[in-house]
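Working notes for the structure below.
The values are calculated or read from the model by the stated rules, or taken from the named source; none is laboratory data. All values reported here derive from a predicted model rather than from experimental measurement. Don't worry about glycine lacking a Cβ; one is built from the backbone with ideal geometry, like all the others, and counts go over all protein chains shown. The area values use the complete protein model at the heavy-atom level, side chains included, leaving out ligands, DNA and RNA. Shrake-Rupley method; radii C 1.70, N 1.55, O 1.52, S 1.80 Å.
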Amino acid sequence: MSLTAGAYSQAIINVTNLRLRTFIGFNPEEREKQQDVVINIEIHYPADKSFQTDNVADALNYKVITKKVIQHVEEGRFLLLEKLVADVVDICSEHPSVTLAKVTIDKPHALRFADSVSLSLEHRR
């Protein structure tokens, strides 16, 4: 049976290594100077209607989601990585058709002798 014949299909959108700058941390130097963060996003949603109709209106618009993430991260100030990751998960799971949103954010150079520190959270519906 082909997917276009009506079988249910779950699409997975991946946004890989979105590199942004934000105020993240609670140490005085972290509160005064923006730091790099690297964001990886995975969003699941049912895509059966979008590939059957080939209509943009039936698909999840990852560009809209990514723009919201960029604006929130670049304009925000966060004490904890947990708060930043939770906010991005919330943005990624706003659309009612999203069944899973998973976000991992790396904070490069957060620890001496480590490439980065990362935190992951996910939301399932």
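Couple of notes before you dig in:
- Within segment 49-59, if we keep just the residues that are in contact with a helix residue (DSSP H, G or I) (Cβ under 8 Å, 6 or more places away or on another chain) and closer than 14 Å to HIS95 by Cα, the residue that is surrounded by the most Cβ atoms within 10 Å (Cβ to Cβ) turns out to be ALA59.
- Of the candidates LYS49, LYS68, the single residue that is more than 24 Å from VAL117 (Cα to Cα) and not aliphatic (A, V, I, L, M) is LYS49.
- Cβ-Cβ contacts under 6 Å between residues 6 or more apart (or on different chains), taken from a first residue in segment 35-51 that is more than 16 Å from VAL103 (Cβ to Cβ) to a second residue that is part of a strand (DSSP E or B) and open to solvent by less than 40 Å² (accessible area, probe 1.4 Å), are listed as GLN35/ILE24; ASP36/PRO108; ALA47/ALA11.
- Residue within segment 45-60 that is under 10 Å from the mean Cα position of the chain (by Cα) and among the acidic types (Asp, Glu) present: no
- Top-ranked residue of segment 66-86 - restricted to ones that are within 14 Å of the chain's Cα centre (by Cα) and open to solvent by less than 20 Å² (accessible area, probe 1.4 Å), ranked as farthest from GLY25 (Cα to Cα): VAL69
- Filtered residues of segment 87-113 (kept if over 26 Å from ASN61 (Cβ atoms) and either open to solvent by 40 Å² or more (accessible area, probe 1.4 Å) or in contact with a Pro (Cβ under 8 Å, 6 or more places away or on another chain) (or both)): HIS109, ALA110, LEU111, ARG112, PHE113
- Residue list for segment 20-48, filter: surrounded by fewer than 16 Cβ atoms within 10 Å (Cβ to Cβ) and within 13 Å of ALA110 (Cα to Cα): PHE26, ASN27, GLU29, GLN34, ASP36
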